[in-house]
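The values are calculated or read from the model by the stated rules, or taken from the named source; none is laboratory data. Source: prediction; values computed, not measured. Virtual Cβ from ideal backbone geometry, glycine too; neighbours counted across all protein chains shown.
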DNA sequence: TTCTACCTAGTACTTTCGTACAAGGCACGG
DNA sequence: CCGTGCCTTGTACGAAAGTACTAGGTAGAA
C-alpha cells in the first residue's frame, strides 16, 4: 500500500470516444504517474495491444465500443488473457449490468461520471488485488448466491479457446460454416470441429442454442437525453 | 370525455403476482366502476382470455410473467389481437424499455408504483385513443426518428401469423423442427413451410438469424433489493 | 357467393449441419 | 526431451435444415 504501484505497471484505456479516452488517459497519468498507459479505440485494437504487450496489468474497458456489444468483449478478454484485470467503464449504472460484469470476471466497475480521485482509488484497489465498486453499487456484490446463469455461462466461456471464441461470435451473427471458414481462412471442416467442441463446452446441442447463450452477453446501450459530447 | 367509458368496456389485468393483480383489479374497479375486469396470471391465460372475449378493449400487461419474457408477449398480443390496446405495467422504468414497448405497439406504460388516480387517468386516456406515459417518461415518446431497429422489427413481427409466431418462439428456444412439430401437433414439413415464410417476412436467411432477431424482444428483469412480496 | 388469408400437407431435391474417429504440426512449460 | 493443449485437416456418414412448387380445407370478409 505504501508503494502504490510497481514501476512496471502498464494499463490500457479502451474507449471509442476520443475526447473521453484522452481525458481518461490524462487522469490516469495524473493520479498514477509511474504507470504506462496505452490506448485503444476498438475491441480488435484492445486485443492487438494485449497481444503486443502481454504483461498489461489492467484494462479500462468501455462496455460499448466498435466490435464490442456489451459483455461479449469482456468475456473475450477474460478468455484470452485471464491474468489481465478488467475494470468496466460505462455510462450504465444498472445494478444488473454491474453484477453481470462481475460474474464475467471484471474486477471493477466505474461509472463514467465519477471523479478523478475515485478513479485513482479504484485503480489502486484493483492493482492491489481487490474488487472495486462505486459506493452506491456495493450491494450488488453481495447477491452472489442469487446470481443468475451468468456465473455458469462465464465459466463455460472461459474454457473456450481464442479461435473457438471467434467461431462462436461469427456463428452468433448467423453466418454459415462456409462463411465462417472464409472469414478465418480455414476449412469448413475445421469450423465444424470447433463448433463441436464449443457445443460440448457450453452444454448445448446445436448452433441455435449456442447463439442464444452468446447473445445473452449483449447489453443494450441506454439512450440518454443529454447529448454532451 | 363526459361519458368516461362506454358500458360494454372490458379490460384484462395480466400479472403473475396474485396480490398485485388483485390490488390492480380492485383499483380499476374503484376508478372505473362500469368496466368489466378479468384477470390472467400467465401469457397463455391472457391469450385464452382474449380468445374467449375478443371484444376486450384493453390489457394491462406485466412485462415479466410466466410464458412472457420481456417484449415477446407484447409482440404476440399485437400480432394476434391488433385491435386490443395494451398498457405495459412494469417495475422497470428504463426509458429504453419504455420506448421499445411503444415501438411494439403498446399504447401506455405504467410504472408499478404509480398512484391509483394516475391509473384511472391512464386508462381513460388510452380508452379515448391516446397514448399515455407517466410524466417523467414523456420525452421518450419524442425520439421517434432516432428509434432503433425496433420499429422495423415490430412491423415485421406484426405480419407474422399466429402459428408462425409460435414456430418462431420455439425455434428461438433451440428446438429442432421435429420437436416443434411434435409440440404443435403438426408435420415437420409444415414447420419448414412456416419457417420459410418467417424467414422471408423477417428478411433473414436461416433460423439462427431469426432467433437473433426474436431474442431482441427479451428484456431482463432488473433485480431490486427490496424483497417485498 | 366469391375472394382472401391461413394452416396444413405433399413430393422431390439440395444444402448445411453435426458427429465419429484419427492424426500431423506447433508452441510452451516441466 | 517429453507431455500438453491448441489448431488444423482428413474421411465418412447420418441427420437436419431449407427450397420450390403444388394444393386441399376452413373461416371470415366483401
Legend entry - Residue satisfying all of: in the range B:66-87; more than 16 Å from residue B:162 (Cα to Cα) and modelled with pLDDT under 85; farthest from the chain's Cα centre (by Cα) among these: B:66
Legend entry - Scope the range B:85-104; condition in contact with a strand residue (DSSP E or B) (Cβ under 7 Å, 6 or more places away or on another chain) and surrounded by fewer than 21 Cβ atoms within 10 Å (Cβ to Cβ); matching residues: B:93
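Out of A:137, A:119, report the one residue that is in a helix (DSSP H, G or I), within 14 Å of another protein chain (Cβ to nearest Cβ) and over 13 Å from the mean Cα position of the chain (by Cα). Reasoning before the result, please.
Working: A:119 fails: within 14 Å of another protein chain (Cβ to nearest Cβ).
Residue meeting the stated conditions: A:137.
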Inset, instruction - Scan the range A:194-210 residue by residue and report those that are assigned to a helix (DSSP H, G or I) and within 6 Å of DNA strand C (Cβ to nearest atom). - result: A:195, A:196, A:199, A:207
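Give the residue that is nearest to the other protein chains (Cβ to nearest Cβ), with candidates limited to residues of the range A:166-179 that are within 11 Å of DNA strand D (Cβ to nearest atom) and under 14 Å from residue B:205 (Cβ atoms).
Here is the first cut: in the range A:166-179, the residues within 11 Å of DNA strand D (Cβ to nearest atom) are A:166-167, A:174, A:176.
With under 14 Å from residue B:205 (Cβ atoms) added as a condition, the list becomes A:174, A:176.
On the way: A:174: 3, A:176: 8 Å.
Filtering first and then ranking leaves A:174.
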Legend entry - Close pairs (6 angstrom Cβ cut-off, 6 or more residues apart or separate chains): more than 19 Å from residue B:160 (Cβ to Cβ) and within 11 Å of DNA strand D (Cβ to nearest atom) in the range B:182-194, modelled with pLDDT of 95 or more and in a helix (DSSP H, G or I) anywhere: B:188/B:177; B:188/B:178; B:188/B:181
Inset, instruction - Select, from B:81, B:53, B:104, the only residue that is in contact (Cβ under 8 Å) with a residue 40 or more places away in the chain and within 23 Å of residue B:168 (Cα to Cα). - result: B:104
Inset, instruction - Just need a number here: residues in the range A:207-226 that are more than 7 Å from chain B (Cβ to nearest Cβ), more than 15 Å from the chain's Cα centre (by Cα) and modelled with pLDDT of 70 or more. - result: 2
Inset, instruction - Examine the range A:187-195 for a residue that is modelled with pLDDT under 95 and crowded, with 18+ Cβ neighbours inside 10 Å, and state whether such a residue exists. - result: no
Inset, instruction - Could you list, in sequence order, all residues of the range A:160-181 that are outside any loop (DSSP other than H, G, I, E, B), surrounded by 14 or more Cβ atoms within 10 Å (Cβ to Cβ) and touching a residue at least 60 places away in the same chain (Cβ under 8 Å)? - result: A:165, A:169
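Just to confirm my filter: which strands (runs of 3 or more DSSP E) fall fully inside the range B:1-102 and include at least 3 residues that are within 25 Å of residue B:156 (Cα to Cα)? Break it down stepwise before answering.
Numbers: elements: B:10-14, B:36-40, B:58-62, B:85-90.
Of the strands (runs of 3 or more DSSP E) lying wholly inside the range B:1-102, those with at least 3 residues that are within 25 Å of residue B:156 (Cα to Cα) span B:58-62, B:85-90.
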